[in-house]
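Chemist: Provided herewith is a single structure, encoded as structure tokens, for subsequent inquiry.
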Amino acid sequence: MKAEILSLLRKTEGYISGQELCERFGVTRAAVWKVINGLKKEGYGIEAVTGRGYRLSSLPDVFSAEELESRMHTEWAGRNLVFYESTGSTNIQAKLLAEEGAPSGTLVVAEKQTQGRGRRGRTWASPAGRNLYFTILLKPEFAPDKASMLTLVMALAVQGAVAEVCGVDAQIKWPNDVVVNGRKVTGILTEMSVQGEYIQHVVIGVGVNVKEQEFVPELKEKAASLEQESGMPVSRAALLEKIMEHFEHDYTLFMKKLNLSLLLEQYNAVLVNCGREVRVLDPAGEYMGIAQGINEKGELCVEVSGKKVKKVYAGEVSVRGVYGYV
Ligand code: BTN
């Protein structure tokens, strides 16, 4: 009921009477008062005026299950939400929940991770109160070889939400790092469980650097936070709300064709590598070329000498700018 009352207060322009809240939720005035008091304790500014009711007067940057639930207006993405104050890794929790039968679209969020994981076996620093750490669980009914494209769908969703909420020029470094001013603000780790030819579940884990922070020396040049780059306070809850909205929309377009053809134009328009010289770190041999954009499978098309175009598949291959990270 707390999340619903919060959502109602947020939607209502003026006051909402205690009587109306009682009727809507079929509870006593004392029960409504208890919820309002709880919200005030969490830092929400709520004015109570006799004869008029309650009004939300200020919104603190609260990051809690109720705050997030009250913001979700999607159809399925994030509607089943599991929130942890602290957990090892949201990806691991999402996989456990999948095995226990959690529905597709379940969103696992943590205030802090004690064993945050990055790609290629790296760790992902996950202190409390600063960033977003979340994983969405999907149970798609398509062939396992299509799943890698979901990482690009998520990158596009995060890029769109970051641009909208923070008002910055967010871009994507192929395949799935979201960058602002050439610095990485988001990392995505997609993992899949397959049985035979079928996907059991896919988990897409996302870490977004939101608040000002010190990065370890090897990341100093490469990483940044959204508040550092935008110079503005950023609400983690508002950002996650928008990411889920964008993801549901973009995923629906992906599912129509089971490829990225309906998202191609949008993706290539924000692809930082487009038209730039890149170094392809292929284990079979490094080479240079000009990135042209992705194709409908999410491969990066790179023009190498003699106008020949090589298609780079994300898997084990990394791409760097000639003079640095992008
Ligand atoms: C990368 O190396 O760029 C990917 C980092 C992914 C980090 C996120 S944080 C939420 C989720 N849980 C994890 O343990 N990892 C992902």
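The values are calculated or read from the model by the stated rules, or taken from the named source; none is laboratory data. Quick caveat, the model's predicted, so the values are computed rather than measured. Positions of Cβ are generated from backbone atoms using ideal geometry, with glycine treated the same way; all protein chains shown enter the neighbour counts. Only protein heavy atoms, including side chains, enter the accessible area calculation; ligands, DNA and RNA are left aside. Shrake-Rupley method; radii C 1.70, N 1.55, O 1.52, S 1.80 Å.
Chemist: Per the Kirkwood definition applied to all pairs of different Cα atoms, how many angstroms is the hydrodynamic radius of the range 65-269?
Modeler: For the range 65-269, inverting the mean 1/r across all distinct Cα pairs yields 16.9 Å.
Chemist: Who wins for biggest fluctuation among Leu271, Leu258, Leu156 in a Gaussian network model of the chain, springs between alpha carbons below 10 Å?
Modeler: Leu258
Chemist: What's the angle, to the nearest 10 degrees (0 to 90), between helix 236-257's Cα axis and the longest principal axis of the chain?
Modeler: With both axes taken from Cα atoms, the answer is about 50 degrees.
Chemist: Additional query: Nearest-5 percent of antiparallel DSSP beta bridges in the chain?
Modeler: 90
Chemist: Hey, what did the chain get for relative contact order, percent, Cα under 8 Å, at least 6 apart?
Modeler: Relative contact order comes out at 13 percent.
Chemist: Using +1 on the beta carbon of Lys and Arg, -1 on that of Asp and Glu, and nothing else charged, what's the dipole of the range 113-221 about the Cα centre, debye to 20?
Modeler: 240
Chemist: Please work out the C-alpha center-to-center distance from the range 127-171 to the range 172-251 and express it in whole Å.
Modeler: Result: 6 Å between the Cα centres.
Chemist: What accessible area per residue, rounded to a whole number of Å², is obtained for the range 203-326 using a probe radius of 1.4 Å? Write down the numbers at each step before the final one.
Modeler: Details: 6130 Å² over 124 residues.
Counting only protein heavy atoms, the per-residue value for the range 203-326 is 49 Å².
Chemist: If the only charges are +1 at each Lys and Arg Cβ and -1 at each Asp and Glu Cβ, what is the size of the charge dipole of the chain around the Cα centre, to the nearest 20 debye? The partial results should precede the final answer.
Modeler: Values: 39 positive and 40 negative charges, 54 e Å.
In total the dipole reaches around 260 debye.
Chemist: What list of ³J(HN,Hα) couplings, whole Hz, do you get for the range 113-124 from phi and the Karplus terms 6.51, -1.76, 1.60, once you set θ to phi - 60° and write x for glycine and proline?
Modeler: 3J(HN,Hα) across the range 113-124, in whole Hz: 10, 9, 9, x, 10, x, 6, 6, x, 7, 9, 10.
Chemist: Evaluate the distance, in nm, between pseudo-label points positioned 7 Å from the Cα of Ser104 and of Glu191 along their respective Cα→Cβ axes.
Modeler: 2.1
Chemist: Still on this structure: Cα axis of helix 2-11 to longest principal axis of the chain: angle in degrees, 0 to 90, nearest 10?
Modeler: Roughly 80 degrees, rounded to the nearest 10.
Chemist: In the Gaussian network model of the chain, springs joining C-alpha atoms below 10 Å, which of Lys211, Lys257, Lys112 carries the largest mean-square fluctuation?
Modeler: Lys257
Chemist: Here's another thing I want to ask about it. If you build a Gaussian network model of the chain, linking Cα atoms that sit under 10 Å apart, which residue out of Arg71, Arg276, Arg24 swings the most?
Modeler: Highest fluctuation of the listed residues: Arg24.
Chemist: How much length, in nm to one decimal, is gained on full extension between Glu277 and Tyr198, taken as 0.36 nm per residue of separation minus their Cα-Cα distance? Don't skip to the answer; put the middle values down first.
Modeler: Numbers: separation 79, 0.36 × 79 = 28.44 nm, distance 3.82 nm.
Gain on extension, Glu277 to Tyr198, equals 24.6 nm.
Chemist: Mark the label point 7 Å from the Cα of Leu219 along Cα→Cβ and return the residues of the range 160-176 whose backbone N is within less than 11 Å of it.
Modeler: No residue passes the distance filter.
Chemist: Please check the chain for the longest run free of GluC sites (Glu not before Pro) that are loop-located per DSSP (anything but H, G, I, E, B) and have at most 15 other Cβ atoms within 10 Å.
Modeler: 222-285
Chemist: For Cα pairs less than 8 Å apart in space and 6+ apart in sequence, what is the mean separation divided by the residue count of the range 242-303, i.e. the relative contact order in percent?
Modeler: 26
Chemist: Using θ = phi - 60° and the Karplus relation 6.51 cos²θ - 1.76 cosθ + 1.60, list the HN-Hα couplings for the range 133-149 in order, rounded to whole Hz, with x at every Gly or Pro.
Modeler: Each residue of the range 133-149 in turn: 10, 8, 9, 9, 9, 10, 10, x, 9, 10, 5, x, 5, 8, 5, 5, 5 Hz.
Chemist: Next up: Hey, if you put +1 on the Cβ of every Lys and Arg and -1 on every Asp and Glu Cβ in the range 116-227, which of Val210, Tyr198, Cys166 ends up farthest toward the positive end of that dipole?
Modeler: Towards the positive end, the residue furthest out is Val210.
Chemist: Taking the dipole about the Cα centre of the chain, with the C-beta of Lys and Arg at +1 and of Asp and Glu at -1, give me whichever of Tyr44, Ser225, Phe142 is farthest to the positive side.
Modeler: Ser225
Chemist: Oh, and also: Can you check how the C-alpha radius of gyration of the range 65-163 compares to 2.2 N^0.38 Å, as a plain ratio?
Modeler: Numbers: Rg = 13.7 Å, N = 99, 2.2 N^0.38 = 12.6 Å.
For the range 65-163, the normalised Cα radius of gyration comes out at 1.09.
Chemist: A further question on this structure: Given a Förster distance of 25 angstrom, what is the FRET efficiency for Ala269 paired with Met232, based on the Cβ-Cβ distance and rounded to 0.05?
Modeler: 0.55
Chemist: Subtract the Cα-Cα distance of Lys146 and Lys308 from 0.36 nm times their separation in residues, and report this length gain in nm to one decimal.
Modeler: Result for the pair: 55.7 nm of gain on full extension.
Chemist: Taking the Cα centre as origin and putting +1 on Lys and Arg beta-carbons and -1 on Asp and Glu beta-carbons, what dipole magnitude results for the range 277-321, to the nearest 20 debye?
Modeler: 120
Chemist: Under 8 Å for C-alpha pairs, at least 6 residues apart: give me the relative contact order for the range 277-321, rounded to a whole percent.
Modeler: On the way: 80 pairs, mean separation 17.5, N = 45.
The normalised contact order for the range 277-321 reaches 39 percent.
Chemist: Let me cross-check Arg29: its accessible surface, 1.4 Å probe, with only protein heavy atoms counted, in Å² to the nearest 10?
Modeler: Number for this one is 140 Å².
Chemist: Full extension from Lys256 to Thr28: what is 0.36 nm times the residue separation minus their Cα-Cα distance, to one decimal in nm?
Modeler: 77.4 nm
Chemist: Within the chain, what whole-number % of the accessible surface is contributed by carbon and sulfur, with the 1.4 Å probe and all protein chains included in the calculation? The partial results should precede the final answer.
Modeler: On the way: 7470 of 15340 Å².
That share works out to 49 percent.
Chemist: Quick check: convex hull over the Cα atoms of the range 187-326, volume per residue in Å³, rounded to an integer? Display every interim value, and only then the final one.
Modeler: On the way: hull volume 23.3 nm³, N = 140.
Spelled out: Cα convex hull of the range 187-326, divided by residues, is 167 Å³.
Chemist: Next question, about the same structure. Quick check on the range 277-321: what does the Kirkwood estimate of hydrodynamic radius come out to from the alpha carbon pairs, in Å?
Modeler: 10.4
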